[in-house]
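The values are calculated or read from the model by the stated rules, or taken from the named source; none is laboratory data. What you see is a predicted model; the values in this text were computed from it and never measured. Here the Cβ positions follow ideal geometry from the backbone for every residue, glycine too, while neighbour counts run over all protein chains shown. Areas reflect the complete protein model, heavy atoms only, side chains present, ligands, DNA and RNA absent. Shrake-Rupley method; radii C 1.70, N 1.55, O 1.52, S 1.80 Å.
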Amino acid sequence: MMKIFPIPAFEDNYIWTVCNDQYAIVVDPGDAVPVIQYLEKNKLKLLAILVTHHHRDHIGGINDLVELYNTPVYGPRREKIPHMAFPLSEGDVVEFNQLNFRANVIDIPGHTLGHIAYLWNGGMFCGDTLFTCGCGKLFEGTAEQLHHSLQRLASLPDDTLVYCSHEYTLLNLPFALHCEPSNTALKQRAEETHILRAQDKPTLPSTLGMEKATNPFLRCTEPEIIRHIEQHLGSRLPANDEQAAFTALRKWRDLF
Ligand SMILES: [Zn+2]
């Protein structure tokens, strides 16, 4: 039986691991140590390393893992990833029969220019692009690119599981609640998140349906959110311009 398990790393990273009782693949191993511990403890053979983008906290463990296990590295074609044997971009497919795991690759620029996501029937590894109750910062791309990338992810079915790379729900909630204080689904999510984190449990994976109901960056057309953005700006947004609302929201989040 294939399962997907989060290996915690650093302060708030998750190294997602797809495994069965023999094999594993890891996504964005920023640190090799917890991965090696997990593989040794569970006697798993590492089949592949998948990477979403080039930031240090996503690739820092690659050298040691490759040295130890000689594992092939799959990653974004447009970014510099150590030991990358399989550069990927929009339209590519990765397939690991030992795990019965097959994913489609799409380009989701914004957080970085070459950022990719791995989508499969039922879930996504979306790196630092879509977060729970939030989204990635703009390090390289434009707000237009990030908005478009998020829209593509959001077009998947509501029950799609969202495996992002950081435990950020608690961190993102205050801004989300500030933007949309009367959203009852969001208030309920806040309660559940506090309970889970108090027990040191992950709040991930989320679902796209949950994000569409509570994540302000997927809700830029909601009147309450627009009202709060306008209050913050002290001026009106252009009418029916979702992109303008998203851009203003992303900027505001950086200052919040
Ligand atoms: Zn990043």
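One table, with the values for the structure above:
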quantity	calculated
Yes/no for Tyr14 being within 16 Å of the ligand (Cβ to nearest atom) and closer than 25 Å to Leu150 by Cα	yes
Positions within the stretch 128-180 being part of a loop (DSSP other than H, G, I, E, B), among the small types (Gly, Ala, Ser) and within 16 Å of the ligand (Cβ to nearest atom), in sequence order	Gly136, Gly141, Ser165
Near pairs, Cβ below 8 angstrom, 6+ apart or cross-chain, from the stretch 44-57 (within 18 Å of Ser89 (Cβ to Cβ) and in contact (Cβ under 8 Å) with a residue 60 or more places away in the chain) to any residue that is more than 11 Å from the ligand (Cβ to nearest atom) and small (Gly, Ala, Ser)	Leu50/Gly75; Thr52/Gly75; Thr52/Ala117; His53/Gly114; His54/Gly75; His54/Gly114
Single match in Ala85, Ala103 (criterion: open to solvent by 30 Å² or more (accessible area, probe 1.4 Å), among the small types (Gly, Ala, Ser) and on the phi < 0 side of the Ramachandran plot)	Ala85
Members of the stretch 6-51 that are open to solvent by 50 Å² or more (accessible area, probe 1.4 Å) and within 16 Å of Gly61 (Cβ to Cβ)	Pro8, Phe10, Glu11, Val33, Gln37, Glu40
Total residues in the stretch 190-218, condition of a type in the set (Gly, Ala, Ser) and either in a loop (DSSP other than H, G, I, E, B) or touching an Asp or Glu at 6+ places or on another chain (Cβ under 7 Å) (or both)	1
Cβ-Cβ under 9 Å pairs, at least 6 apart or on other chains, the stretch 92-118 side away from the ligand (no atom under 16 Å from the Cβ), far side part of a helix (DSSP H, G or I) and polar (S, T, N, Q)	Ile106/Ser149
Filter result (within 16 Å of the ligand (Cβ to nearest atom) and open to solvent by 40 Å² or more (accessible area, probe 1.4 Å)) within the stretch 56-81	Arg56, Asp57, Arg78, Lys80
